[in-house]
1. Remind me, relative contact order of segment 83-174 in percent, using alpha carbon pairs under 8 angstrom and six or more residues apart?
2. Using bins 5 angstrom wide from zero, how does P(r) for segment 86-147 break down, in % of all Cα pairs?
3. Just from the alpha-carbon atoms, what are the Rg and Dmax of segment 1-50 in angstroms?
4. Per residue, what volume in Å³ does the convex hull of the Cα atoms of segment 117-178 enclose?
5. Taking 0.36 nm per intervening residue step and subtracting the Cα-Cα distance, what contour gain separates residue 155 from residue 83 on full extension?
6. Cα-based Rg (one decimal) and Dmax (whole number) for segment 152-211, in Å?
7. Quick check: the distance between the Cα centres of segment 161-197 and segment 10-51, to the nearest angstrom?
8. Which shape class applies to segment 221-271: rounded if a/c is under 1.5, otherwise prolate when a/b exceeds b/c and oblate if not, where a ≥ b ≥ c are the square roots of the Cα gyration tensor eigenvalues?
């Protein structure tokens, strides 16, 4: 049975992806901070901060999907929080390479999550592609270092794929649920200027992207995991209001207020550019939810 080791398997993406992979006949293994007995998936313990990882975790020829990383949307970006966000991506990647290629165990493929924030936190009409360089801001540098942690695998001759992920839409537990929380009070609230683009992808499509990167040996390097339908924040909220049959709160929550409450982290909500999915589509990948209306119908 084909074997895939997943870090961050208990998160939103990891949970959905594990279900998909198991259904496709893969032996799914999770790396967790606490080893669970009797769970649905075989698990091994690791503690990246101390450098510990169960030596029984990996086998020659395993596929590895690296999803672990501290949530960038939880807590203000203080100095210690910034170090945690970056470290949770770099230290884990370094530990994975040390326990595999550094110990003579060669995976069949190493797939690492990344983010479309690689291109920066600015609102622009430019359509970013995988050939564009990383931005010099905090999120751009975070994604650059995140992806660089996969370099030891490339140097060892392992096929490496970097999945630059947009905001994930799902029925439960996604950023969309937090953004539309005011809808429970009967209003849809618009944030920031409104013209900022909102790159997005439905969770089902994202998991299918990961599955294709596992099974298509021609795929390597970075791919933008983002739906082809480009929408602004105002367009998104208008669609949310239409689907929920709710009014839109007319004034936008001003950018200065969001920054006062959230600090620099507010750029996640108030900035955004267009991201191309052409390279992914060029592999033959077809989106089940290519436009925001079809995605919101199942969210």
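1. Working: 107 pairs, mean separation 36.4, N = 92.
40 percent.
2. 4, 17, 22, 19, 14, 12, 8, 3, 2, 0
3. Spelled out, the Cα radius of gyration and Dmax of segment 1-50 are 10.7, 34 Å.
4. Details: hull volume 8.2 nm³, N = 62.
Per-residue hull volume (Cα only) is 132 Å³.
5. On the way: separation 72, 0.36 × 72 = 25.92 nm, distance 2.65 nm.
Extending this stretch completely gives an extra 23.3 nm.
6. 16.8, 55
7. 27 Å
8. Working: a/c = 3.12, a/b = 1.08, b/c = 2.89.
Oblate shape, in that a/c is at least 1.5 and b/c is the bigger or equal ratio.
Laboratory data are not the source of any read-out in this text; all were calculated from the coordinates shown. All values reported here derive from a predicted model rather than from experimental measurement. With ideal geometry, Cβ positions are generated from the backbone for all residues, glycine too; neighbour counts draw on all protein chains shown.
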